[in-house]
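Q: This is the structure I want to talk about, given as structure tokens.
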Amino acid sequence: MVLSRYLDECAARAAGVLGTDVEASVTLREHGLTLRAGSSGIAAARCDRAEAMVDDGPCIDAMGDDAVVEVPTVVPDDRWREWSEQARREGFVRALAVPSQVNEDVSLALNLYSRSAGPWDERLVHAAGAYSALIASAVNLQLAFSDLDDAAGTLAHGTSEDEMVQRAIGAVMQTNGCSQDEAAELLRSASRRGGVPESEVARTVLRSLATASTGDIVDVLAAER
């Protein structure tokens, strides 16, 4: 099972366990690049995609500070303008971002959204933290296997750096629901911020996210053209 499908299932299970009115998403961050990796529903996915595209929102703050970010009431907010506007369009009135460290270089956040008013229950926040840590452990295991493939030369076997970047652009397009130009700019920005080549950012996208098969990515790129 590719990681993105597994994380979709994780988000769906988290939403089901943590509340009847809760939607959930999982985001990953590496090399300063944030990607929506799994969601329980399209509304939560759209919120996380809005956040990832501008690199600004509660889950990004949560991962950056390694601290839970609670949004008791979603209101117009200059800190998180695009995210808060999207959350309000979806009808969400509160949100919660719970980070976990996958490894030294990769972090994730479990993001919860609700259309019901009121504070987040302390027991729910604690349970969300445990669930976020469990997901992080699963992602870390996936990365360990990916590193073995990479060491064996199977990840990029027969793939040039340009081809790898193009495949990563397709993966970002599919994951973040953006255009080819927008996906390419996200990779370039991550490369500049991290001080690493674009091909290295592309490798991490394909290695740690595994969002789509090569055929899926080719289809996404072809549709954009």
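The values are calculated or read from the model by the stated rules, or taken from the named source; none is laboratory data. Since we're looking at a predicted model, the values are computed, not measured. Glycine gets a Cβ as well: all are built from the backbone with ideal geometry, and neighbour counts include every protein chain shown. Accessible surface is based on the protein model in full, side chains and every heavy atom, while ligands, DNA and RNA are left aside. Shrake-Rupley method; radii C 1.70, N 1.55, O 1.52, S 1.80 Å.
Q: In a loop (DSSP other than H, G, I, E, B), at pLDDT below 85, open to solvent by 30 Å² or more (accessible area, probe 1.4 Å) and hydrophobic (A, V, I, L, M, F, W, C): is that true of V218 in this structure?
A: No; evaluated as a whole, the condition is false for this residue.
Q: While we're on this one: State which residue pairs qualify: first residue farther than 16 Å from V201 by Cα and inside segment 161-183, second residue among the hydroxyl-bearing types (S, T, Y) in any location, beta carbons under 6 Å apart, and separation of 6 or more residues or different chains.
A: Matching pairs, first to second residue: Q174/T211.
Q: Right, another one. Could you tell me which of the residues D66, D61 is open to solvent by 60 Å² or more (accessible area, probe 1.4 Å) and closer than 30 Å to E200 by Cβ?
A: Unique residue meeting the criteria: D66.
Q: Please name all residue pairs, on different chains or six or more residues apart, with Cβ atoms under 8 Å, provided the first residue is in segment 124-140 and is touching a residue at least 40 places away in the same chain (Cβ under 8 Å) and the second residue is surrounded by fewer than 14 Cβ atoms within 10 Å (Cβ to Cβ).
A: That search, which allows pairs on different chains as well, returns A127/V17; Y131/V17.
Q: Condition (residue is open to solvent by less than 60 Å² (accessible area, probe 1.4 Å), under 22 Å from D8 (Cβ atoms), modelled with pLDDT of 70 or more and part of a helix (DSSP H, G or I)) applied to segment 180-187: is it met by at least one residue?
A: Yes, segment 180-187 has at least one match.
Q: Looking at T20, T27, T34, which is the one that is among the hydroxyl-bearing types (S, T, Y), in a loop (DSSP other than H, G, I, E, B) and under 20 Å from A87 (Cβ atoms)?
A: T20
Q: Of everything in segment 46-85, what is under 18 Å from the mean Cα position of the chain (by Cα), farther than 18 Å from A128 by Cα and of a type in the set (A, V, I, L, M)? Give them in sequence order.
A: A50, A52, M53, V54
Q: Sticking with this one: Those residues that are open to solvent by 10 Å² or more (accessible area, probe 1.4 Å) and within 19 Å of the chain's Cα centre (by Cα), I need them from segment 86-105; list them, please.
A: Once the filter is applied, which keeps residues that are open to solvent by 10 Å² or more (accessible area, probe 1.4 Å) and within 19 Å of the chain's Cα centre (by Cα), segment 86-105 yields Q86, E90, P99, S100, Q101, V102, N103, E104, D105.
Q: Exactly one of (1) at pLDDT 85 or above; (2) surrounded by fewer than 13 Cβ atoms within 10 Å (Cβ to Cβ) is unmet by S160. Its number?
A: It is condition (1) that S160 fails.
Q: Just the residues that are open to solvent by 10 Å² or more (accessible area, probe 1.4 Å) and touching a residue at least 60 places away in the same chain (Cβ under 8 Å), please, taken from segment 36-54.
A: Scanning segment 36-54 gives R36, R46, R49, M53.
Q: Can you pull out every residue in segment 8-35 that is open to solvent by 20 Å² or more (accessible area, probe 1.4 Å) and among the hydroxyl-bearing types (S, T, Y)?
A: If the condition is that a residue be open to solvent by 20 Å² or more (accessible area, probe 1.4 Å) and among the hydroxyl-bearing types (S, T, Y), then T20 is the only one that fits.
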